[in-house]
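S.K.: Got a structure for you, written out below as C-alpha cells; questions coming shortly.
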Amino acid sequence: MRRNTKLGIFCILTATLIFTSFHVYYYTQEKNAEEMLTNYFEISQKKESYNYEDVSPNYLGILEIPKLNLQKGFLNIDNPDNTINKNIQVLNNSTMPNEENHLLVIAAHSGNSPRSYFKDLDDLTINDEVNIYYNNSIYHYQIYDIQNILKDGTLEVYETYATTLILTTCNQKDKNKQIVIYAKLISVEI
C-alpha cells in the first residue's frame, strides 16, 4: 500500500511539473510576442520607411481585429516561425497590402490552446472592420462575405475584390468545415 502511495505522489508531482513547464513556456512566448508587437509600433512610428530587415526577427506587420480586441503580429512568408503552430500564418502566394490588386491570406488556430488566436473569428459579421499595419500605413478592410467550407486542406478563392484580405480557421462547431472571411480594402492611412 505504501509503495502505491509513493508512486501516486510521484505521478502527481511529475504531471504538475510538466504542466507548469508547459504553462511557463507559453507565457514566455506570449511575453516575447507582446514585446515584438510593441517594438513594431515603436520602430515603425520612428522611421519614415519601415524595413523588415532592420528589426528582424520582429514582425513584418500587425493584424488588428477591433471587434475581437485582437492585435497579432505576422512574419515574412519565408520565416520559419510563420506557422499556425507558433503564430498567425501568412499563407503562401499571399501578396502584401502595398502591392496592386493584393490578396493577403492569414490563417490561425481556433479552439482553446494558447495558440488559438482565431478562436473568436466566428463572432465576426458582415461590415466588421479588420486592419493591417504594414510599411508605415494602416490598411482598413471591411468584411463582405463569410463562408463555411469543407475542410480539405485547400482554400479556393473565388472572384474577389481587387484588394482582398482573407482570414481562415477551423470551424469549432463543425470540425469538417473551416471559416473563411473575406474583407475588401476600403481605405489606407499613410
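S.K.: For segment 136-190, just say rounded, prolate or oblate: build the C-alpha gyration tensor, square-root its eigenvalues into a ≥ b ≥ c, call rounded for a/c under 1.5, and beyond that prolate if a/b exceeds b/c, oblate if not.
M.R.: It comes out prolate by the Cα gyration axes.
S.K.: Please give the peptides 163-174, 72-83, 110-121 ranked by average Cβ packing (other Cβ atoms within 10 Å per residue), highest first, as a rough proxy for protection.
M.R.: Ranked from most to least packed, the peptides come out as 163-174, 110-121, 72-83.
S.K.: List the GluC sites (Glu not before Pro) within segment 115-172 that DSSP assigns to loop and that have no more than 11 neighbouring Cβ atoms inside 10 Å.
M.R.: Glu156, Glu159
S.K.: Take Thr154 and Asn98, extend 7 Å from each Cα along the Cα→Cβ direction, and tell me the distance between the two endpoints in nm.
M.R.: With each label placed 7 Å out from Cα toward Cβ, I get 3.4 nm.
Any read-out appearing in this document is the output of simple, stated calculations on the displayed coordinates, not a laboratory observation. This is a predicted model, so every value here is computed, not measured. Cβ coordinates were reconstructed from backbone atoms using ideal geometry, including for glycine residues, and neighbour counts include every protein chain displayed.
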